[in-house]
Amino acid sequence: MAEKGASRGAARRFWSLPRKRRGAPGRHKPDEIMHQDIVPLCAADIQEQLKKRFAYLSGGRGQDGSPVITFPDYPAFSEIPDKEFQNVMTYLTSIPSLQDAGIGFILVIDRRQDKWTSVKASVLRIAASFPANLQLVLVLRPTGFFQRTLSDIAFKFNRDDFKMKVPVMMLSSVPELHGYIDKSQLTEDLGGTLDYCHSTWLGHRTAIESFALMVKQTAQMLQTFGTELAETELPNDVQSTSLVLSVHTEKKAKAKEDLQLALKEGNGILESLREPLTESTSHSVNQDQLDNQATVQRLLAQLNETEAAFDEFWAKHQQKLEQCLQLRHFEQGFREVKTTLDSMSQKIATFTDVGNSLAHVQHLLKDLTSFEEKSSVAVDRARALSLEGQQLIENKHYAVDSIHPKCEELQHLCDHFATEITRRRGLLSKSLELHSLLEMSMKWCDEGIFLLASQPVDKCQSQDGAEAALQEIEKFLETGTENKIQELNKIYKEYECILNQDLLEHVQKVFQKQESTEEMFHRRQASLKKLAAKQTRPVQPVAPRPEALTKSPSPSPGSWRSSENSSSEGGALRRGPYRRAKSEMSETRQGRTSSTGDEEESLAILRRHVMNELLDTERAYVEELLCVLEGYAAEMDNPLMAHLISTGLQNKKSILFGNMEEIYHFHNRIFLRDLESCIDCPELVGRCFLERMEEFQIYEKYCQNKPRSESLWRQCSDCPFFQECQKKLDHKLSLDSYLLKPVQRITKYQLLLKEMLKYSKNCEGAEDLQEALSSILGILKAVNDSMHLIAITGYDGNLSDLGKLLMQGSFSVWTDHKKGHTKVKELARFKPMQRHLFLHEKAVLFCKKREENGEGYEKAPSYSYKRSLNMTAVGITENVKGDAKKFEIWYNAREEVYIIQAPTPEIKAAWVNEIRKVLTSQLQACREASQHRALEQSHSLPLPTPSSTSPTKGGNPRNVKKLEDRKTDPLSLEGYVSSSLPKPPDKGKGWSKTSHSLEAPEEDGGWSSAEELINSSDAEEDGGVGPKKLVPGKYTVVMDDGKEGPDALAMRTGDMVEVVEESAEGLWYVRDLTSSKEGWVPASSLSTLLGKSSSAQCLSSSGKTYCARQLCPEPAKILSPEPV
C-alpha cells in the first residue's frame, strides 16, 4: 500500500497543471481554451451560419485597442433567425482576449446601400441582443439623397429610440469613418488596407479549435492512464507481473502515439498561420492572427510539457514494474532452489549406511560422488541466485528488506549441504579405511591357511624339509605386521564414529579369525621346530594315482577376481587363484595326510570367493538397472528431452523397458540385502533363493515382453534421444545391451549356485543349494517354454485351460488314420511333416513352426496351430520298429495315429516318460473315482446277491473331477458272491490278474512285454493272425447266447458289454450294459459271442499298451476339426 500511495502522490504532482479563469488580466494561457467554466461555441458548430458573413471579426482594432466587428451590407439581415444571430454574436465576442473584450467592441454597420427603415431595424436588433460590452457604434447611412435626408430627419426625431449605453454615430461617408478608425484597421470594402479573407479566417478558427480539443482530450487520456498506473497493485507472481508490464507498455506506446499525432497537428496549424509571412515579408499581420499563433504555440508548449512529465512518470512506473518482475523471478527461483536443497538435505540425511564390505563402501562412495555431481547443478544455481539478489540490492531495489534475508538463507543452505557432503565423505573414507584393513587381515588369514594347506607333509618329515617349511612360515608371519589388526582397542577408539553393531561384530569376527590363524601357525611352527631339531626316519612318499595327475581342475567363477585382488607380497606366497589351489589339493591329497580342519578352511575360502563374486556382480547389476531407469526411462518423461523423442517412440516406455523397474526394486530392496546377510555363511545362500523363488517369476514377464522391446528398439535405435542419453551416461554400449542384462542375470545364478554347491557338499546348506539350483533351472525352463507358448497363433481357445505346459519341442510327424483316402495314407508314410508339439496336462498341441526374418528376437519363430488331442482320449506306443527315435501317439482307439520321430533317443524317452506320467495320473484319478462310486453303492445295497455285487456302472461324468483327489482303499466284496464262482473284481480295479499295480512299472523300471494288457500295435501292423486274446474293455455282442437259467448271464446280438477282469480259472467277469446284468462267463464262450468286436481302450509299449479311458466316462469332444 505504501508503494501504491507513493505512486498516487507522484501522479497528483504530475497532473497538477496551472489553470486560469476568464477575467484574469493578461493574454491567454495555454489552457484558457481548454478550461473555461462555460464551454463556448466552436466554429465547427456554427460553420454554416458564419459562412453567411452578415457579421465578421476582421482583426482590426480601434485607437484604444477595441476589437472591431463589421456588419457588412447584407440585404437579408432582417431574415436571419434570432438564434443564428445570437450564436454568431456570442462566438465573435468570445474570440478576442479577455483584456481586449473588456475595453469594449466597436461595431461598424455598413448600410450604404440600404434604406433607413432597415438601418433602424438593424441598429435596434444589434443593440438589443449584443452579448458583450460596446464602446462605439458607427453606422454608414444610406448614400441616396432621399434616404440620407430621411435618415437625418428620422434620426433627430427618433433619437430616444436609440438610447444606448454607448454613442451611435451616423456617418455619411467612408472618410468620415476613417476619423474614428484608422484605415489600416479596416478592410478594403471600408476603404482600409487590412487584408482579410473570411474563408481563410474560418478555416484557421476551425483548425485551432479542433487542435485545442485534441490537446484537451490527450491531456485527459494521459491523466486517466496515469491514474490507472498509479492505482495498479503489484502482482505476486512472474506471469502476472510480466502481463501487467506488457499491457502497460502497450498502452503507453498508444498514448505516446496519440501525443505525437497532436503535436504534428499543432505544428501543421502553426505553419499555416505563418505562411503569409513566409511568402511576403511586407505582409502585415493583425492582432487576431498574432493571437492565433500565440494560442497554437502555447498549446504546443503545453503538449511538450505534458509529454515530458508523462515520460518522467512512466520511467518511474516502468522501473518499479521491472523491479517487481525481477523480484518475482528471484522469489520464484528462491522457492524452487530451496525446495531442491531441502530435498537434497533430506536425502543426504538418509545416507547413514557406512557399508558392510570394502566393495559396498566403494559403491557408497561412488553413489555419494554421483549424488554430489547431480546436486552441484542445484547448488550452483542457488549461489548464482544469491549473487543475483546481491546485485539487486546494489542497484537500490525497492524490496531490499525482502531480498537480503533470502540471500543469506540461500548461502546458509549451500554451506550446510557442502558441510554434510564433506562429513558424509569423511565417514565413508573412515569406513573405507577400516574395511581395507579388515580385507587385508582376511586376505592375510586366507593366504596363511592356503600356505599351511599347501605344505606337503612328506617333505616336512626330513630336517631340511622341516627347516624350509619353518622358514616359509616365519617369513609369512613377518608380513602380518603390515596386514593384520594389531590392537583391537585402538581400532575401537579410532573408528568409533562409524562402528555400528554389525560392523563391530564384523571387526570382532575378523580379529578372532586372525587369532585362530596365528594359533594355527604357532602350532605348525612348534611342530616343525621339533622336526627340525631331531633327525627322524624319512617317510616313504606314496606316488599319486595316474588319473589324479591327468585330472584337470574345473573352472570356478571369481578366479579372475582372486588374481586381480591379490597383492604383490601375497602373490609370492600363493600358488595361484583358488581354482588352481583346489586342483593342487585334489592332486596331492592322495599322497599325503592333512587335517580335516585345513581342508575345510580351504573349501571355506573357495565358498567365500564364489560369494564375493555373487555379491559384486549383484551390486553391479543393481547399479546398471538404476542407471538405465534414471538415464533412459526417466528421461523419456523429461519435457526438456521431448523434442528428441521420435513419433514412433512416444508413449512406448512400458514396451521398451517392460517391468525392469519392478525387477530393480526387488533386487535393490530385497534380494541384495538377503545376499549380504549371508556374507559370513556363504553355504546358506541357497535359502535366499528358495525364500524369494516366487518373486523371481517377474523375469518371465520381462522375457515375454522382450521380443516387443527388441522390435521397438530396432525401429527407433537411431533416435537422437538414445544418443543424447548415452552421451550423458558416458556409456560405451548402447541401450539394447543393457536391456539384455536381466536375461543374462537370471541365467548367471544357476552357474554360481553350481559352483557354490561344488564346495559345499558336506555343509549345512547343501540341500538348500541343490533345491535352489533345481528351482532356478525350473524358472529358466518355464521362461523358455513361455517364450515359445506366446508365439502360438491361430488357437481359438484359452491356452491356460489346457493346464501346465510340461514339454515342448520340434519333431517329424507321419499320420496314419483309419479314415481318409488310401492314397493319402500311403503318401503320408514317406513324407513327414515338421511339427512343434506342446504337451500340456490336458492336451497335446500340434503346431507348424514358421521362422521369421530379421535379427535378434525378431528372428524368433512363431507357431501356427494345427491340431490338438485331448489327453483323456490319447494312447501311446513307446517303440516303433526300425527306429529307436520313433514312438506313436494315437487317438480314439487308433482312429488317428501319429508317428513321432524325435531328434534323439533321449528326447524320445523324456517325452514318452512324461506322457506316461500324464496318462497314469489320469487312470489313477479314474480308479479312485470308481472306487468311491463302488463304496457308495455297496452301502446302498440291502442284501448282497451275485448279480448285484458286481462292480457298479460308471458314475456321472460330472462327479469324476470332484472325486479325483479322494484316496480310498479298494473295497473287498468277499462274502457277497456265490461260493461256486470266483470273487468279482474289486471295484477299484479294472485290470486282469496278469496286470500289476500302477506302481509296478516304476518298481520294475518300466512296463514289460510279459505284462501285456492289450494287443500290441506292432502286431497289428504286422498283420499277425490267431485266436484273439480278450482284454478288458467294451464290446458289442455279435451272436446270441443260448444259455438259460437264473444264474446265467444271457447276452443278445447288439448288446453292449463291458469285459472287466479274468479270473485264474479262465472266467471273465462281464457286465451287460444293455440289461444291467453282471456275471462270470468262460473265456471260450465269450470269445465266440464277441467275435472280432474291438475294444475301446488302448495304449501300448511294443506290445504294451496304455490308456486312461478304461474306467473313465467318455471324454468330451473338445478337439479341433482342423487337420494336422
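The values are calculated or read from the model by the stated rules, or taken from the named source; none is laboratory data. Model, not experiment: these values are computed from the prediction. Backbone-built Cβ (ideal geometry, glycine too); neighbour counts: all protein chains shown. We work out accessible area using only protein heavy atoms, side chains counted, and drop any ligands, DNA or RNA first. Shrake-Rupley method; radii C 1.70, N 1.55, O 1.52, S 1.80 Å.
For this structure, a couple of remarks:
- Protection proxy ranking, peptides 52-65, 366-379, average beta carbon neighbours within 10 Å, highest first: 52-65, 366-379
- Cα→Cβ-extended label distance, 7 Å offset, between residue 729 and residue 287, nm: 9.7 nm
- Using a probe of 1.4 Å on the protein chains alone, the accessible area found for residue 609 is around 40 Å².
- Cα centre as origin, Lys/Arg/Asp/Glu Cβ charges: the range 619-733 dipole, Debye: 440 debye
- Inter-site label distance for residue 395 and residue 135 at 7 Å from Cα along Cβ, in nm: 6.5 nm
- Length-normalised contact order of the range 202-292 in % [C-alpha pairs under 8 Å, at least 6 apart]: 43 percent
- Between the range 383-408 and the range 413-454, the alpha-carbon center distance in angstrom: 45 Å
- The share of accessible area on the range 619-766 that comes from carbon and sulfur is 48 percent, using a 1.4 angstrom probe.
- Selection from 639, 780, 746 lying farthest towards where the dipole of the range 631-781 points positive, charges on Cβ: 639
- Charge tally for residue 106 (other residues, Cβ to Cβ under 12 Å; Lys, Arg +1; Asp, Glu -1): -2.
- Applying both filters, DSSP loop and at most 12 other Cβ atoms within 10 Å, to the trypsin sites (Lys or Arg not before Pro) of the range 380-415 gives 396.
- Entry comment: accessible area of the range 389-516 is 52 Å² per residue, from protein heavy atoms only and a probe of 1.4 Å.
- Inter-centroid distance (Cα atoms) of the range 716-776 relative to the range 106-139, Å: 122 Å
- Compared with the alpha-carbon gap, the fully stretched path from residue 600 to residue 690 is longer by 29.9 nm at 0.36 nm per residue.
- Taking label positions 7 Å along the Cα-Cβ direction at both residue 526 and residue 786, the computed distance is 6.1 nm, reported to one decimal.
- Whole-Å distance, taken between Cα centres, linking the range 901-925 and the range 641-677: 41 Å
- Residue-count net charge about residue 84 - beta-carbon cut-off 14 Å; Lys, Arg +1, Asp, Glu -1: +1
- Sites matching GluC sites (Glu not before Pro) across the range 389-496 that sit in DSSP coil, with at most 10 neighbouring C-beta atoms within 10 Å: 487, 496
- Selection from 255, 191, 213, by position along the positive dipole direction of the range 184-327 (Cβ): 255
- Net length gained if the chain between residue 351 and residue 717 were fully extended (0.36 nm per residue, minus Cα distance): 128.1 nm
- 12 Å beta-carbon shell around residue 655, net charge (K/R +1, D/E -1): +3
- Estimated FRET transfer efficiency when R0 is 30 angstrom, pair residue 423-residue 339 (beta carbons, to 0.05): 0.85
- Theoretical FRET efficiency, 1/(1+(r/R0)^6), r = Cβ-Cβ of residue 87 and residue 319, R0 41 Å, to 0.05: 0.20
- Computed E for residue 221/residue 46 - FRET, C-beta separation, R0 25 angstrom, nearest 0.05: 0.35
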